[in-house]
1. Quick check, is Gly506 under 30 Å from Lys107 (Cα atoms), touching a residue at least 24 places away in the same chain (Cβ under 8 Å) and in contact with a Pro (Cβ under 8 Å, 6 or more places away or on another chain)?
2. So which residues in segment 557-585 are surrounded by 14 or more Cβ atoms within 10 Å (Cβ to Cβ) and within 24 Å of the chain's Cα centre (by Cα)?
3. Is it true that Val435 is assigned to a strand (DSSP E or B), in contact with an Asp or Glu (Cβ under 9 Å, 6 or more places away or on another chain), at pLDDT 95 or above and not small (Gly, Ala, Ser)?
4. Testing Asp365 on (1) over 24 Å from Ala159 (Cβ atoms); (2) open to solvent by less than 40 Å² (accessible area, probe 1.4 Å); (3) modelled with pLDDT of 95 or more; (4) in a loop (DSSP other than H, G, I, E, B), one condition comes back false. Which one is that?
5. Taking Pro132 as the residue in question, decide whether it is at pLDDT 95 or above and either over 26 Å from Pro475 (Cβ atoms) or not charged (D, E, K, R) (or both).
6. Name the residue that is most open to solvent (accessible area, probe 1.4 Å), counting only residues in segment 107-142 that are over 24 Å from the mean Cα position of the chain (by Cα) and within 30 Å of Asp73 (Cα to Cα).
7. Kindly indicate the residue of segment 216-260 that is aliphatic (A, V, I, L, M) and touching a Ser or Thr at 6+ places or on another chain (Cβ under 7 Å) and also farthest from Ala284 (Cα to Cα) among those meeting that condition.
8. Yes or no: Asp533 without any contact (Cβ under 8 Å) to a residue 24 or more places away in the chain, surrounded by fewer than 22 Cβ atoms within 10 Å (Cβ to Cβ) and farther than 25 Å from Gly385 by Cβ?
Amino acid sequence: MGHGSGVRRKRLALVALAVALSASIAGGAPFASAKPQPQPGKQAVAVGTGGAAATVDPTATGAAIDVLRRGGDAVDAAVAAAATLGVTEPYVAGIGGGGFMVVYLAKQHRVVTIDGRETAPQAFRQDAFIDPSTGQPIPFYPQRVTSGMAVGVPGTLAAWAEAAKLYGTMPLSKLLKPAIAAAKHGFVVDQTYHNQTEMNRPRFQAFTSSRALYLTPAGQAPAVGSVVRNPDLAKTYEQIAHHGAAAFYGGPIGAAVANTADHPPVAPDSQIGFPIRSGVMTAADVAGYTAPLRAPTHVDYRGYDVYSMPPPSSGGSTVGEALNILGGFDLSGPDRALALHRYIEASRLAFADRNRWVGDPAYVDVPLDGLLSKDFAAERRCLIGSTAATSPVAPGDPHPPYDTTCSGGSAPAAVDSEGTSTNHLVVVDGSGNVVSYTTTIEQIAGSAIAVPNDGFLLNNELTDFNPVPSSPSTPDPNLPAGGKRPRSSMSPTIVLHDGRPLLALGSPGGATIITTVLQILLDRIDFGMSLPDAIAAPRASNLNSAKTSAEPAFLAQYGDVLTSGFGQSFTSTAEIGAATGIELLPTGQLQAAAEPVRRGGGDAEVVCPASAGKHCPKAHR
């Protein structure tokens, strides 16, 4: 069921051979071979024991499994996988971005979280995304996102260092070794990587550092089957392995990040078509970054304890509120269309409250207890009728006393823009520790600005702030400010049942992360699907919008009845989310699951595949 270590060694050996044969031609260039190579295999489901991991990429999943086999714990494996994703999935991961990690500590029987969200530079102003010539917000894509002003102080590496120090068993230097090897030896380009490069080719062409790193010498996206390596990133990781996170925070790498944001390396022949705005980040902003520990959100849903990320993420509060609303309905009956109608309406209401109340808790008062209150959920539930509400629905007031007359709130909150360049990984080790970890650089390819000679892209995370208030008459918790963390939708989730971990899951997808996680939980808990089936099931997502986005398979199965019977209105979208998850089965086995199709599919592996029997490789230090 799982990929064997011998298979991975052969795969890496093939890539290394291709690199060696072409080294005299390629020199230090990132394109080691134009000759098509065998693409790494992926499997969507793996069952076994000893530990499990699931990511979007088989090299990263393999790195996690190798760490587990060498005696590392789930946190060690998660950091190793995330660092490897920075090499093989640079448009959705890397040390130029941020993320949120949720960890279940088996010995302590508790859940902790680490906030690696990017922060705005101290000099960042509330009008940072307003065009002074028009007084209006700068267009979101590509103008606003492709700028030094969009870059937040990265938090990913700080989160790795904090996690490894507090909860890991191996030094960060050791955990970076698989990523260093992948960067040096190269990886095989698949269709998704090629397509994402092609999508961003005009933006990459605008920057000398980005075109050199991600485009061929002819200015094209690398071909499927070609081998790409990243010696600059290997060097950067080696600096961090030798000097620790201080090489970044307070060191030369962080200074280069600030300099690149403030002086984007725009190519003299750039044809991007708009001026690239400079940022206001300083080396001191980077040096002062911290990745704080935060108490997780928690709701009890039908006897399952659901833990997730608190503000500045809106994931835990919004998923939790929607679950509380839905907890008052029986969704397990035969009328699946009715259950899905209620799911859409609960999402609509929870997003109205999210947009009005959730922001960085260091800057705004987030009424988290109220948002997760069963009584507040009951107030919101009474607004769900037999037909779809008209969006945008008004937010409620999560401060007691709660309204039981179904009168609703008074001021609508707008739907905001949030990029989809995100990835999610999950790891469980043989001792029962669990990690659910979502990282991002925001848009696909982030700001599209690579740090010269350091081998990674910078995020455009500050575009997650609302450029202007959502409503002129209502306070907006997500306006820009110096030092503030923009609101996120990342929802890394761990579910316990009877005091023991049952599920770990999460997804990319911008604001649709929330509905993806919510729908998978409903599919698994209420509709009785297996975890792999719940991940593969067709999705729909309402973000307090007039129309619900839905995948074609969802529309084919439920569109007509939800439209005619419940007044729902839909718009079709190719895909929503790209989840990974692990379930701890009653048999004592682990079931790792990834997408079979979305975003090219993911990869799930276990330390000891069920099919291996007595030949399972043993963990060793």
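The values are calculated or read from the model by the stated rules, or taken from the named source; none is laboratory data. In this text, all values refer to a predicted model and were calculated from it rather than measured experimentally. So basically every Cβ, Gly included, is an ideal-geometry build from the backbone, and we count neighbours across all protein chains shown. These accessible areas exclude ligands, DNA and RNA; they are computed on the full protein's heavy atoms, side chains included. Shrake-Rupley method; radii C 1.70, N 1.55, O 1.52, S 1.80 Å.
1. Considered against the rule, which asks whether it is under 30 Å from Lys107 (Cα atoms), touching a residue at least 24 places away in the same chain (Cβ under 8 Å) and in contact with a Pro (Cβ under 8 Å, 6 or more places away or on another chain), Gly506 comes out as yes.
2. Hits for segment 557-585 are Thr573, Glu575, Ile576, Gly577, Ala578, Ala579, Thr580, Gly581, Ile582, Glu583, Leu584.
3. Numbers: assigned to a strand (DSSP E or B): yes; in contact with an Asp or Glu (Cβ under 9 Å, 6 or more places away or on another chain): yes; at pLDDT 95 or above: yes; not small (Gly, Ala, Ser): yes.
Answer is yes for this residue.
4. Of everything listed in (1) over 24 Å from Ala159 (Cβ atoms); (2) open to solvent by less than 40 Å² (accessible area, probe 1.4 Å); (3) modelled with pLDDT of 95 or more; (4) in a loop (DSSP other than H, G, I, E, B), Asp365 misses just condition (2).
5. For Pro132, the condition - at pLDDT 95 or above and either over 26 Å from Pro475 (Cβ atoms) or not charged (D, E, K, R) (or both) - is not met.
6. Lys107
7. At the first step, the residues of segment 216-260 found to be aliphatic (A, V, I, L, M) are 218, 221, 223-224, 227-228, 233-234, 240-241, 245-247, 253, 255-258.
Filter again for touching a Ser or Thr at 6+ places or on another chain (Cβ under 7 Å), leaving 221, 227, 241, 253, 258.
Working: Ala221: 36, Val227: 38, Ala241: 22, Ile253: 12, Ala258: 9 Å.
Restricting to residues being aliphatic (A, V, I, L, M) and touching a Ser or Thr at 6+ places or on another chain (Cβ under 7 Å), the top hit is Val227.
8. It is true that Asp533 is without any contact (Cβ under 8 Å) to a residue 24 or more places away in the chain, surrounded by fewer than 22 Cβ atoms within 10 Å (Cβ to Cβ) and farther than 25 Å from Gly385 by Cβ.
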